[in-house]
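For reference, the structure discussed in these notes is given below.
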Amino acid sequence: MNMMIRLVISAILMASFGASAPVYATNDGHLDGVWLSGRITTTIPKAIDTSGPSPWAQLKNLKIDSGTDNCYAQLTWGGEGSYVYHLVTYCLNGNGQWEREEYSTELWELNDSRQSLGSDWGSIYFVQQGKVFHGFPANYAFIGYEGSLELIPKYDRNGWLSGVSVGASSGMIYSWDSGSKIGGTSRSGGVKLRFVKTERVPQGAIDCAAGATPLCVESES
């Protein structure tokens, strides 16, 4: 993407988030390498079971979860002049292996005084608890969020990063299990992302971010 297109897109994002401070106040990679722990859990009001002939059956109030302490996301800066970060997620799957999840997203530096990142339509996808997802193998299953995302860093009095406030309020949660052929959508309230210090991130997630196994490199599927 050339610089002119980037500038146009970033201007649209700034307008979406009501920004007012000088353009690109940082452009310094201040959140490069930052980790977030993540979980997506929801109850789908009317899930669709496509395993049989149509008309398909409906399942009411189906609970879906990525699990506790199973998934983490890392921010990676695109470099000077890019004004973009990649948010890549890693999860412990049902086989006890760490995997890089599909559909990473881009977040842009916003034009505000808080050094925020955001997107008017970002995405976060995790493997469903006890399942597999990377590369779309047999019986893969995921739960994901698509919609607006805003990350606002918080600093202590010494200027050290102490937290990240995450807004994910305008969008939807989407779930699909290719084995059972059951999927559906729900509102976005079940998305949880919180700042975690690197020393508290499981070593398996850190190794996966470094591309330790074939499950940890970007899928070409």
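The values are calculated or read from the model by the stated rules, or taken from the named source; none is laboratory data. Note that the coordinates shown come from a computational prediction; the quantities given were computed from them, not determined experimentally. Cβ atoms come from the backbone with ideal geometry, glycine included; neighbour counts cover every protein chain shown. The area values use the complete protein model at the heavy-atom level, side chains included, leaving out ligands, DNA and RNA. Shrake-Rupley method; radii C 1.70, N 1.55, O 1.52, S 1.80 Å.
Mind checking the angle between helix 3-16 and the chain's longest principal axis? C-alpha axes, 0 to 90 degrees, to the nearest 10.
With rounding to tens, the tilt is 80 degrees.
Contour minus end-to-end for S180 and Q97, with contour as 0.36 nm per residue of separation and end-to-end as the Cα-Cα distance?
Values: separation 83, 0.36 × 83 = 29.88 nm, distance 2.17 nm.
Value of the extension gain: 27.7 nm.
Whole number in Å², please: accessible area per residue of the chain, 1.4 Å probe, ligands, DNA and RNA not counted.
On the way: 11110 Å² over 221 residues.
It amounts to 50 Å² per residue over the chain.
If I ignore ligands, DNA and RNA and count only protein heavy atoms, how much of H30 is accessible to a 1.4 Å probe, in Å² to the nearest 10?
40
For S169, S104, what's the largest-to-smallest order of accessible area, 1.4 Å probe?
Values: S169 100, S104 55 Å².
Accessible-area ranking of S169, S104, largest first: S169, S104.
Would you check the accessible area of R100, probe 1.4 Å, heavy atoms only, in square angstrom rounded to 10?
Probe radius 1.4 Å; accessible area of R100 about 40 Å².
Quick one: pull the percent of accessible area on the stretch 30-142 belonging to carbon and sulfur, 1.4 Å probe, ligands and nucleic acids left out. Could you put the intermediate results ahead of the total?
Details: 2190 of 4800 Å².
Taking all protein chains in place, the stretch 30-142 shows 46 percent carbon and sulfur surface.
Tell me the label-point distance for the pair K60, K46, using the 7 Å Cα-to-Cβ offset, in nm and rounded to one decimal.
It works out to 1.1 nm between the two label points.
How large is the Rg to Rh ratio of the chain when both quantities use alpha carbon positions and Rh follows Kirkwood?
Details: Rg = 18.1 Å, Rh = 18.2 Å.
Rg divided by Rh gives 0.99.
What do you reckon, how do K60, K131, K197 stack up by accessible area (1.4 Å probe), largest on top?
Working: K60 155, K131 70, K197 105 Å².
These residues rank, largest area first, as K60, K197, K131.
Would you tell me the accessible area of D156, worked out with a 1.4 angstrom probe on the heavy atoms of the protein chains, in Å² to the nearest 10?
Ignoring ligands and nucleic acids, D156 comes out at about 60 Å².
Taking one equal scatterer on every alpha-carbon of the stretch 53-181, how large is log10 of I(q)/I(0) by Debye at q = 0.09, 0.22 1/Å?
-0.33, -1.31
In the neighborhood of E220, defined by Cβ-to-Cβ distances under 13 Å, what is the net charge if each Lys or Arg adds +1 and each Asp or Glu adds -1?
Values: positive: R100; negative: E102, E218.
It works out to a net charge of -1.
Quote the FRET efficiency, to the nearest 0.05, computed for V217 versus M172 with a Förster distance R0 of 30 Å and r equal to the Cβ-Cβ distance. Spell out each step's value before the answer.
Values: r = 29 Å, r/R0 = 0.96.
For R0 = 30 Å, the calculated efficiency reads 0.55.
On each of the three principal axes of the Cα atoms of the stretch 136-221, give max minus min coordinate, whole Å, ordered largest first.
51, 35, 20
Considering only protein heavy atoms, with the full assembly of protein chains and a 1.4 angstrom probe, order T43, T50 by accessible area, largest first. Provide the component values of the computation, followed by the final result.
Details: T43 60, T50 35 Å².
Output order, biggest surface exposure first: T43, T50.
Which lysines does K46 reach when only Cα atoms under 24 Å apart count, and residues fewer than 8 places away in its own chain are ignored?
Straight-line reach from K46, under 24 Å: K60, K63, K131, K181, K192.
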